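Please read the structure below before turning to the comments.
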Ligand code: NAD
Ligand code: TYD
(Lines give C-alpha, C1' and ligand atoms only; values in the text may rest on other atoms or scores of the structure.)
(Ligands and ions follow the chains in the order given, each with its own letter.)
Protein backbone atom coordinates (compact mmCIF):
# COMPACT_ATOMS: atom_id res chain seq x y z
CA UNK A 1 0.00 0.00 0.00
CA UNK A 2 1.33 3.45 -0.99
CA UNK A 3 0.27 7.01 -0.34
CA UNK A 4 -0.67 8.76 -3.56
CA UNK A 5 -0.99 12.52 -3.71
CA UNK A 6 -3.47 13.55 -6.40
CA UNK A 7 -3.50 17.21 -7.42
CA UNK A 8 -6.75 18.57 -8.86
CA UNK A 9 -8.74 15.70 -7.34
CA UNK A 10 -11.83 17.88 -6.94
CA UNK A 11 -12.08 18.46 -10.70
CA UNK A 12 -13.66 16.35 -13.41
CA UNK A 13 -11.01 13.74 -14.26
CA UNK A 14 -9.25 13.98 -10.88
CA UNK A 15 -12.43 13.11 -8.93
CA UNK A 16 -13.09 10.14 -11.20
CA UNK A 17 -9.47 9.02 -10.64
CA UNK A 18 -9.67 9.39 -6.83
CA UNK A 19 -12.84 7.27 -6.91
CA UNK A 20 -11.05 4.61 -8.99
CA UNK A 21 -8.09 4.51 -6.57
CA UNK A 22 -10.34 4.12 -3.53
CA UNK A 23 -12.68 1.59 -5.17
CA UNK A 24 -10.14 -0.58 -6.95
CA UNK A 25 -6.82 -0.34 -5.07
CA UNK A 26 -5.80 -0.32 -1.41
CA UNK A 27 -3.71 2.88 -1.70
CA UNK A 28 -4.18 5.95 0.48
CA UNK A 29 -5.16 9.12 -1.34
CA UNK A 30 -4.34 12.73 -0.45
CA UNK A 31 -6.37 15.08 -2.62
CA UNK A 32 -4.60 18.44 -3.02
CA UNK A 33 -6.84 21.02 -4.66
CA UNK A 34 -7.16 24.82 -4.58
CA UNK A 35 -10.92 24.62 -5.24
CA UNK A 36 -11.03 27.11 -8.09
CA UNK A 37 -14.35 27.52 -9.91
CA UNK A 38 -13.71 24.03 -11.41
CA UNK A 39 -13.06 22.26 -8.11
CA UNK A 40 -16.13 20.77 -6.48
CA UNK A 41 -15.85 18.61 -3.37
CA UNK A 42 -19.45 17.52 -3.81
CA UNK A 43 -18.01 15.22 -6.49
CA UNK A 44 -16.43 13.18 -3.68
CA UNK A 45 -18.90 13.78 -0.84
CA UNK A 46 -19.71 10.08 -0.46
CA UNK A 47 -16.01 9.23 0.02
CA UNK A 48 -15.27 11.71 2.79
CA UNK A 49 -15.65 9.14 5.55
CA UNK A 50 -13.23 6.71 3.88
CA UNK A 51 -10.19 6.40 6.21
CA UNK A 52 -7.89 6.08 3.19
CA UNK A 53 -8.95 9.50 1.85
CA UNK A 54 -7.97 13.00 2.94
CA UNK A 55 -8.33 16.46 1.42
CA UNK A 56 -5.91 19.39 1.69
CA UNK A 57 -6.79 22.75 0.23
CA UNK A 58 -3.62 24.10 -1.39
CA UNK A 59 -2.52 26.09 -4.42
CA UNK A 60 0.20 24.29 -6.41
CA UNK A 61 1.89 27.59 -7.25
CA UNK A 62 2.57 28.27 -3.54
CA UNK A 63 5.46 26.18 -2.24
CA UNK A 64 4.55 26.46 1.45
CA UNK A 65 1.05 25.12 0.75
CA UNK A 66 2.41 22.25 -1.35
CA UNK A 67 4.96 21.41 1.39
CA UNK A 68 2.15 21.31 3.96
CA UNK A 69 0.14 18.91 1.79
CA UNK A 70 3.17 16.61 1.41
CA UNK A 71 3.45 16.52 5.23
CA UNK A 72 -0.25 16.11 5.90
CA UNK A 73 -0.15 12.40 6.86
CA UNK A 74 -0.49 11.80 10.62
CA UNK A 75 3.14 10.57 10.74
CA UNK A 76 4.25 13.39 8.34
CA UNK A 77 5.67 10.85 5.89
CA UNK A 78 5.68 11.97 2.25
CA UNK A 79 3.58 10.35 -0.46
CA UNK A 80 5.44 7.80 -2.60
CA UNK A 81 3.56 8.76 -5.78
CA UNK A 82 2.06 11.90 -7.28
CA UNK A 83 -0.58 12.13 -10.01
CA UNK A 84 -0.80 15.68 -11.28
CA UNK A 85 -4.15 16.82 -12.71
CA UNK A 86 -4.40 20.35 -11.24
CA UNK A 87 -4.63 22.85 -14.06
CA UNK A 88 -6.66 25.58 -15.63
CA UNK A 89 -8.30 23.46 -18.32
CA UNK A 90 -10.68 25.44 -20.52
CA UNK A 91 -9.47 26.82 -23.88
CA UNK A 92 -12.11 29.57 -24.10
CA UNK A 93 -11.10 30.96 -20.70
CA UNK A 94 -7.44 30.99 -21.78
CA UNK A 95 -8.41 33.06 -24.82
CA UNK A 96 -10.02 35.65 -22.54
CA UNK A 97 -7.17 35.75 -19.98
CA UNK A 98 -4.10 33.51 -19.91
CA UNK A 99 -2.58 34.64 -16.60
CA UNK A 100 -4.06 31.92 -14.36
CA UNK A 101 -2.97 29.35 -16.96
CA UNK A 102 0.65 30.42 -16.75
CA UNK A 103 0.55 30.63 -12.95
CA UNK A 104 -1.03 27.22 -12.33
CA UNK A 105 -0.02 25.14 -15.33
CA UNK A 106 3.56 26.37 -15.73
CA UNK A 107 4.71 27.79 -12.38
CA UNK A 108 2.55 25.41 -10.32
CA UNK A 109 3.95 22.37 -12.11
CA UNK A 110 7.53 23.48 -11.41
CA UNK A 111 6.73 24.04 -7.71
CA UNK A 112 5.21 20.57 -7.54
CA UNK A 113 8.26 19.02 -9.27
CA UNK A 114 10.60 20.82 -6.83
CA UNK A 115 8.74 19.62 -3.72
CA UNK A 116 8.26 16.09 -5.07
CA UNK A 117 11.95 15.85 -5.91
CA UNK A 118 13.03 17.16 -2.51
CA UNK A 119 10.75 14.59 -0.86
CA UNK A 120 12.09 11.68 -2.91
CA UNK A 121 8.82 10.82 -4.64
CA UNK A 122 9.22 7.47 -6.46
CA UNK A 123 6.66 7.94 -9.30
CA UNK A 124 5.29 11.19 -10.72
CA UNK A 125 2.58 11.11 -13.39
CA UNK A 126 1.98 14.35 -15.26
CA UNK A 127 -1.47 14.37 -16.89
CA UNK A 128 -1.33 16.29 -20.14
CA UNK A 129 -3.31 16.72 -23.31
CA UNK A 130 -3.12 15.95 -27.03
CA UNK A 131 -3.64 19.69 -27.60
CA UNK A 132 0.12 20.21 -27.11
CA UNK A 133 0.59 18.72 -30.61
CA UNK A 134 -1.49 21.44 -32.30
CA UNK A 135 -4.01 20.72 -35.03
CA UNK A 136 -4.29 17.99 -37.69
CA UNK A 137 -5.57 18.28 -41.25
CA UNK A 138 -8.03 15.77 -42.70
CA UNK A 139 -5.70 12.79 -42.20
CA UNK A 140 -3.07 11.46 -39.80
CA UNK A 141 -2.89 11.01 -36.02
CA UNK A 142 -0.73 12.36 -33.20
CA UNK A 143 2.05 9.99 -32.13
CA UNK A 144 4.43 10.56 -29.23
CA UNK A 145 6.96 11.82 -31.82
CA UNK A 146 4.68 14.52 -33.28
CA UNK A 147 6.33 17.95 -32.78
CA UNK A 148 4.80 20.12 -30.07
CA UNK A 149 2.96 23.03 -31.74
CA UNK A 150 0.37 24.33 -29.28
CA UNK A 151 -2.06 26.90 -30.65
CA UNK A 152 -4.06 28.20 -27.67
CA UNK A 153 -2.82 29.82 -24.46
CA UNK A 154 -4.18 26.72 -22.65
CA UNK A 155 -2.23 24.25 -24.78
CA UNK A 156 0.88 26.47 -24.73
CA UNK A 157 0.82 26.46 -20.92
CA UNK A 158 0.34 22.67 -20.86
CA UNK A 159 3.27 22.32 -23.28
CA UNK A 160 5.36 24.45 -20.91
CA UNK A 161 4.50 22.08 -18.06
CA UNK A 162 5.31 19.00 -20.18
CA UNK A 163 8.73 20.45 -21.00
CA UNK A 164 9.46 21.24 -17.35
CA UNK A 165 8.63 17.64 -16.41
CA UNK A 166 10.77 16.36 -19.28
CA UNK A 167 13.68 18.58 -18.20
CA UNK A 168 13.41 17.41 -14.57
CA UNK A 169 13.74 13.82 -15.75
CA UNK A 170 16.61 14.62 -18.12
CA UNK A 171 18.54 16.81 -15.67
CA UNK A 172 17.80 15.23 -12.31
CA UNK A 173 16.60 11.74 -13.15
CA UNK A 174 13.19 12.75 -11.75
CA UNK A 175 10.98 9.60 -12.07
CA UNK A 176 8.21 11.17 -14.16
CA UNK A 177 5.93 9.93 -16.90
CA UNK A 178 3.78 12.16 -19.13
CA UNK A 179 0.42 11.17 -20.60
CA UNK A 180 -1.33 13.06 -23.40
CA UNK A 181 -5.01 12.29 -23.69
CA UNK A 182 -7.77 13.28 -26.08
CA UNK A 183 -11.12 14.90 -25.13
CA UNK A 184 -12.77 13.30 -22.10
CA UNK A 185 -16.50 13.09 -21.36
CA UNK A 186 -18.53 11.49 -18.56
CA UNK A 187 -19.85 12.15 -15.03
CA UNK A 188 -18.84 15.32 -13.11
CA UNK A 189 -17.59 17.30 -16.11
CA UNK A 190 -17.98 21.02 -15.53
CA UNK A 191 -20.79 22.29 -17.78
CA UNK A 192 -18.58 24.70 -19.71
CA UNK A 193 -17.13 21.93 -21.91
CA UNK A 194 -18.97 20.86 -25.09
CA UNK A 195 -20.85 17.73 -23.99
CA UNK A 196 -22.18 18.74 -20.53
CA UNK A 197 -22.91 22.28 -21.77
CA UNK A 198 -25.04 20.94 -24.62
CA UNK A 199 -26.87 18.45 -22.37
CA UNK A 200 -27.64 21.09 -19.73
CA UNK A 201 -28.70 23.73 -22.27
CA UNK A 202 -30.97 21.27 -24.09
CA UNK A 203 -32.60 20.20 -20.82
CA UNK A 204 -33.26 23.84 -19.93
CA UNK A 205 -34.58 24.68 -23.43
CA UNK A 206 -31.64 27.00 -24.15
CA UNK A 207 -29.78 27.35 -27.46
CA UNK A 208 -26.84 25.04 -28.20
CA UNK A 209 -23.96 27.27 -29.41
CA UNK A 210 -21.90 25.51 -32.10
CA UNK A 211 -18.66 27.29 -33.02
CA UNK A 212 -17.94 27.99 -36.69
CA UNK A 213 -19.17 25.36 -39.15
CA UNK A 214 -19.43 22.62 -36.50
CA UNK A 215 -17.06 20.41 -38.48
CA UNK A 216 -14.11 20.49 -36.09
CA UNK A 217 -13.19 16.97 -35.03
CA UNK A 218 -12.33 15.68 -31.55
CA UNK A 219 -11.34 12.13 -30.50
CA UNK A 220 -13.65 11.34 -27.55
CA UNK A 221 -12.71 9.10 -24.62
CA UNK A 222 -14.86 8.07 -21.66
CA UNK A 223 -13.34 9.46 -18.46
CA UNK A 224 -13.28 6.03 -16.79
CA UNK A 225 -11.16 4.70 -19.64
CA UNK A 226 -8.73 7.61 -19.28
CA UNK A 227 -8.47 6.92 -15.53
CA UNK A 228 -7.80 3.22 -16.13
CA UNK A 229 -5.03 4.16 -18.58
CA UNK A 230 -3.51 6.55 -16.03
CA UNK A 231 -3.46 3.83 -13.38
CA UNK A 232 -1.69 1.51 -15.85
CA UNK A 233 0.94 4.18 -16.60
CA UNK A 234 1.38 5.01 -12.91
CA UNK A 235 2.00 1.39 -12.00
CA UNK A 236 3.76 0.04 -15.09
CA UNK A 237 4.97 3.02 -17.16
CA UNK A 238 8.63 3.79 -17.66
CA UNK A 239 10.10 7.01 -16.21
CA UNK A 240 10.99 9.53 -18.90
CA UNK A 241 8.38 8.19 -21.33
CA UNK A 242 5.37 9.87 -22.93
CA UNK A 243 2.18 7.85 -23.49
CA UNK A 244 -0.63 9.02 -25.78
CA UNK A 245 -4.14 8.01 -24.66
CA UNK A 246 -7.11 8.19 -27.02
CA UNK A 247 -10.63 6.92 -27.48
CA UNK A 248 -10.29 6.08 -31.16
CA UNK A 249 -13.66 7.79 -31.62
CA UNK A 250 -13.32 10.78 -33.94
CA UNK A 251 -16.48 12.83 -34.42
CA UNK A 252 -17.40 16.21 -35.86
CA UNK A 253 -18.84 18.53 -33.20
CA UNK A 254 -22.16 18.80 -35.01
CA UNK A 255 -22.56 15.01 -34.90
CA UNK A 256 -22.03 15.09 -31.14
CA UNK A 257 -24.57 17.88 -30.66
CA UNK A 258 -27.22 16.24 -32.86
CA UNK A 259 -26.73 12.88 -31.11
CA UNK A 260 -27.24 14.50 -27.70
CA UNK A 261 -30.47 16.11 -28.93
CA UNK A 262 -31.64 12.76 -30.27
CA UNK A 263 -30.86 10.99 -26.98
CA UNK A 264 -32.84 13.65 -25.12
CA UNK A 265 -35.73 13.61 -27.59
CA UNK A 266 -35.21 17.32 -28.41
CA UNK A 267 -35.37 19.07 -31.79
CA UNK A 268 -32.50 20.45 -33.86
CA UNK A 269 -34.06 23.95 -33.83
CA UNK A 270 -32.14 24.44 -30.55
CA UNK A 271 -28.83 24.44 -32.47
CA UNK A 272 -27.35 27.89 -33.04
CA UNK A 273 -24.21 28.38 -35.12
CA UNK A 274 -22.13 31.12 -33.46
CA UNK A 275 -18.86 32.97 -34.16
CA UNK A 276 -15.89 30.60 -34.26
CA UNK A 277 -13.41 30.31 -31.40
CA UNK A 278 -10.25 32.33 -32.29
CA UNK A 279 -7.47 29.97 -33.41
CA UNK A 280 -9.85 26.99 -33.21
CA UNK A 281 -7.93 23.72 -33.76
CA UNK A 282 -9.54 21.79 -36.61
CA UNK A 283 -8.92 18.17 -35.77
CA UNK A 284 -7.40 16.00 -33.03
CA UNK A 285 -6.81 12.25 -33.30
CA UNK A 286 -4.62 9.98 -31.20
CA UNK A 287 -2.44 7.10 -32.29
CA UNK A 288 -2.67 4.94 -29.18
CA UNK A 289 -0.49 2.07 -30.37
CA UNK A 290 2.36 2.65 -27.88
CA UNK A 291 0.24 2.29 -24.73
CA UNK A 292 -1.62 -0.66 -26.28
CA UNK A 293 1.59 -2.51 -27.14
CA UNK A 294 3.66 -1.62 -24.07
CA UNK A 295 1.05 -1.60 -21.31
CA UNK A 296 -1.77 -3.61 -22.88
CA UNK A 297 -4.33 -0.81 -22.40
CA UNK A 298 -7.24 -0.07 -24.77
CA UNK A 299 -10.43 1.95 -24.23
CA UNK A 300 -13.36 -0.21 -23.07
CA UNK A 301 -16.24 2.15 -23.99
CA UNK A 302 -17.40 3.01 -27.47
CA UNK A 303 -18.63 6.57 -27.94
CA UNK A 304 -22.25 5.70 -28.70
CA UNK A 305 -22.61 3.70 -25.46
CA UNK A 306 -20.52 6.10 -23.36
CA UNK A 307 -22.48 9.12 -24.56
CA UNK A 308 -25.77 7.36 -23.77
CA UNK A 309 -24.51 6.57 -20.23
CA UNK A 310 -23.33 10.15 -19.81
CA UNK A 311 -26.65 11.65 -20.91
CA UNK A 312 -28.37 9.35 -18.42
CA UNK A 313 -25.98 10.48 -15.65
CA UNK A 314 -26.79 14.15 -16.33
CA UNK A 315 -30.52 13.33 -16.36
CA UNK A 316 -30.18 11.47 -13.04
CA UNK A 317 -27.98 14.17 -11.49
CA UNK A 318 -29.83 17.32 -12.44
CA UNK A 319 -29.24 18.69 -8.94
CA UNK A 320 -25.48 18.40 -9.40
CA UNK A 321 -25.23 20.45 -12.60
CA UNK A 322 -27.93 22.90 -11.59
CA UNK A 323 -25.97 23.64 -8.40
CA UNK A 324 -22.83 24.05 -10.51
CA UNK A 325 -24.58 26.38 -12.97
CA UNK A 326 -26.07 28.48 -10.18
CA UNK A 327 -22.79 28.65 -8.22
CA UNK A 328 -24.43 26.99 -5.18
CA UNK A 329 -21.86 24.17 -5.17
CA UNK A 330 -19.32 26.62 -3.76
CA UNK A 331 -21.24 26.74 -0.46
CA UNK A 332 -20.45 23.09 0.12
CA UNK A 333 -16.83 23.61 1.20
CA UNK A 334 -17.91 26.21 3.73
CA UNK A 335 -20.56 23.95 5.19
CA UNK A 336 -18.31 20.91 5.22
CA UNK A 337 -15.02 22.50 6.28
CA UNK A 338 -16.16 25.67 8.02
CA UNK A 339 -14.29 28.33 5.99
CA UNK A 340 -14.28 29.96 2.53
P1 LIG B 1 -10.99 20.57 -14.30
O2 LIG B 1 -10.91 22.00 -14.73
O3 LIG B 1 -12.30 19.89 -14.20
O4 LIG B 1 -10.27 20.40 -12.88
C5 LIG B 1 -9.08 21.06 -12.55
C6 LIG B 1 -8.89 20.95 -11.04
O7 LIG B 1 -7.63 21.57 -10.70
C8 LIG B 1 -9.97 21.65 -10.21
O9 LIG B 1 -10.39 20.82 -9.14
C10 LIG B 1 -9.27 22.90 -9.70
O11 LIG B 1 -9.79 23.37 -8.45
C12 LIG B 1 -7.83 22.42 -9.58
N13 LIG B 1 -6.86 23.53 -9.63
C14 LIG B 1 -6.82 24.53 -10.55
N15 LIG B 1 -5.81 25.38 -10.25
C16 LIG B 1 -5.20 24.88 -9.14
C17 LIG B 1 -4.08 25.30 -8.37
N18 LIG B 1 -3.41 26.42 -8.66
N19 LIG B 1 -3.71 24.53 -7.32
C20 LIG B 1 -4.39 23.41 -7.00
N21 LIG B 1 -5.48 22.98 -7.68
C22 LIG B 1 -5.87 23.71 -8.75
O23 LIG B 1 -10.00 19.81 -15.30
P24 LIG B 1 -10.11 18.34 -15.92
O25 LIG B 1 -10.91 18.41 -17.16
O26 LIG B 1 -10.45 17.38 -14.86
O27 LIG B 1 -8.58 18.12 -16.37
C28 LIG B 1 -7.63 17.60 -15.44
C29 LIG B 1 -6.28 17.51 -16.11
O30 LIG B 1 -6.35 16.67 -17.26
C31 LIG B 1 -5.74 18.86 -16.59
O32 LIG B 1 -4.34 18.88 -16.33
C33 LIG B 1 -6.00 18.85 -18.09
O34 LIG B 1 -5.05 19.63 -18.79
C35 LIG B 1 -5.86 17.37 -18.39
N36 LIG B 1 -6.65 16.88 -19.57
C37 LIG B 1 -7.99 17.13 -19.64
C38 LIG B 1 -8.72 16.65 -20.72
C39 LIG B 1 -10.21 16.88 -20.84
O40 LIG B 1 -10.80 16.50 -21.85
N41 LIG B 1 -10.88 17.44 -19.83
C42 LIG B 1 -8.07 15.92 -21.73
C43 LIG B 1 -6.69 15.67 -21.60
C44 LIG B 1 -6.00 16.17 -20.51
P1 TYD C 1 -14.18 21.87 -25.48
O2 TYD C 1 -15.12 20.98 -24.75
O3 TYD C 1 -14.02 23.28 -25.01
O4 TYD C 1 -12.78 21.10 -25.55
P5 TYD C 1 -11.42 21.50 -26.39
O6 TYD C 1 -11.54 22.87 -26.89
O7 TYD C 1 -10.37 21.39 -25.33
O8 TYD C 1 -11.32 20.46 -27.47
O9 TYD C 1 -14.64 21.92 -27.00
C10 TYD C 1 -14.77 20.76 -27.79
C11 TYD C 1 -15.14 21.19 -29.20
O12 TYD C 1 -16.45 21.79 -29.17
C13 TYD C 1 -14.22 22.27 -29.76
O14 TYD C 1 -14.05 22.04 -31.16
C15 TYD C 1 -14.97 23.57 -29.54
C16 TYD C 1 -16.42 23.14 -29.66
N17 TYD C 1 -17.39 23.91 -28.84
C18 TYD C 1 -18.52 24.46 -29.44
O19 TYD C 1 -18.75 24.33 -30.66
N20 TYD C 1 -19.40 25.16 -28.65
C21 TYD C 1 -19.18 25.36 -27.31
O22 TYD C 1 -20.02 26.03 -26.64
C23 TYD C 1 -18.02 24.76 -26.70
C24 TYD C 1 -17.75 24.93 -25.24
C25 TYD C 1 -17.16 24.04 -27.53
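Would a scan of segment 163-184 turn up a residue that is outside any helix (DSSP H, G or I), free of Cβ contacts under 8 Å to residues at least 24 places away in the same chain, touching a helix residue (DSSP H, G or I) at 6+ places or on another chain (Cβ under 7 Å) and more than 15 Å from ligand 1 (Cβ to nearest atom)?
no
So for segment 116-136 (the condition being over 20 Å from the mean Cα position of the chain (by Cα), surrounded by 22 or more Cβ atoms within 10 Å (Cβ to Cβ), at pLDDT 95 or above and not in a loop (DSSP other than H, G, I, E, B)), does at least one residue qualify?
Yes, because at least one residue in segment 116-136 is over 20 Å from the mean Cα position of the chain (by Cα), surrounded by 22 or more Cβ atoms within 10 Å (Cβ to Cβ), at pLDDT 95 or above and not in a loop (DSSP other than H, G, I, E, B).
Here is a check on your reading of the model: is residue 239 in contact with a strand residue (DSSP E or B) (Cβ under 9 Å, 6 or more places away or on another chain), crowded, with 17+ Cβ neighbours inside 10 Å and under 23 Å from residue 131 (Cα atoms)?
No, not satisfied.
Can residue 154 be described as in contact (Cβ under 8 Å) with a residue 60 or more places away in the chain, within 20 Å of the chain's Cα centre (by Cα), within 11 Å of ligand 1 (Cβ to nearest atom) and not in a loop (DSSP other than H, G, I, E, B)?
In short, yes.
Anything in segment 60-89 that is over 22 Å from residue 127 (Cβ atoms) and buried (at least 18 other Cβ atoms within 10 Å of the Cβ)? List them, or say none.
Result: no residue meets the conditions.
Name the one entry in 160, 205 that is touching a helix residue (DSSP H, G or I) at 6+ places or on another chain (Cβ under 8 Å) and part of a helix (DSSP H, G or I).
After applying the criteria, what remains is 160.
Taking the condition surrounded by fewer than 17 Cβ atoms within 10 Å (Cβ to Cβ) and modelled with pLDDT of 95 or more, does residue 273 pass?
yes
Looking only at segment 172-216, filter to residues that are more than 20 Å from residue 263 (Cβ to Cβ) and within 9 Å of ligand 2 (Cβ to nearest atom); which one of those is nearest to the chain's Cα centre (by Cα)?
Looking at residues that are more than 20 Å from residue 263 (Cβ to Cβ) and within 9 Å of ligand 2 (Cβ to nearest atom), I get 182.
Identify, please: which residue in segment 48-59 is in contact with a helix residue (DSSP H, G or I) (Cβ under 6 Å, 6 or more places away or on another chain) and not in a loop (DSSP other than H, G, I, E, B) and is, among those, surrounded by the most Cβ atoms within 10 Å (Cβ to Cβ)?
Checking each candidate, the answer is 53.
Yes/no matrix, rows are residues, columns are (1) assigned to a helix (DSSP H, G or I); (2) under 23 Å from residue 84 (Cα atoms); (3) without any contact (Cβ under 8 Å) to a residue 60 or more places away in the chain:
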site: 213; (1), (2), (3): no, no, no
site: 226; (1), (2), (3): yes, yes, no
site: 230; (1), (2), (3): yes, yes, no
site: 234; (1), (2), (3): yes, yes, no
site: 244; (1), (2), (3): no, yes, no
site: 247; (1), (2), (3): no, yes, no
site: 258; (1), (2), (3): yes, no, yes
site: 269; (1), (2), (3): yes, no, yes
site: 277; (1), (2), (3): no, no, no
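Are any residues in segment 70-103 within 16 Å of the chain's Cα centre (by Cα) and either within 16 Å of ligand 2 (Cβ to nearest atom) or part of a loop (DSSP other than H, G, I, E, B) (or both), and if so, which ones?
85, 86, 87, 88, 89, 90, 91, 92, 93, 94, 101
The values are calculated or read from the model by the stated rules, or taken from the named source; none is laboratory data. For clarity, every value in this text was computed on a predicted model and none was experimentally measured. FYI the Cβ positions are ideal-geometry reconstructions off the backbone, even for glycines, and counts take in every protein chain you see.
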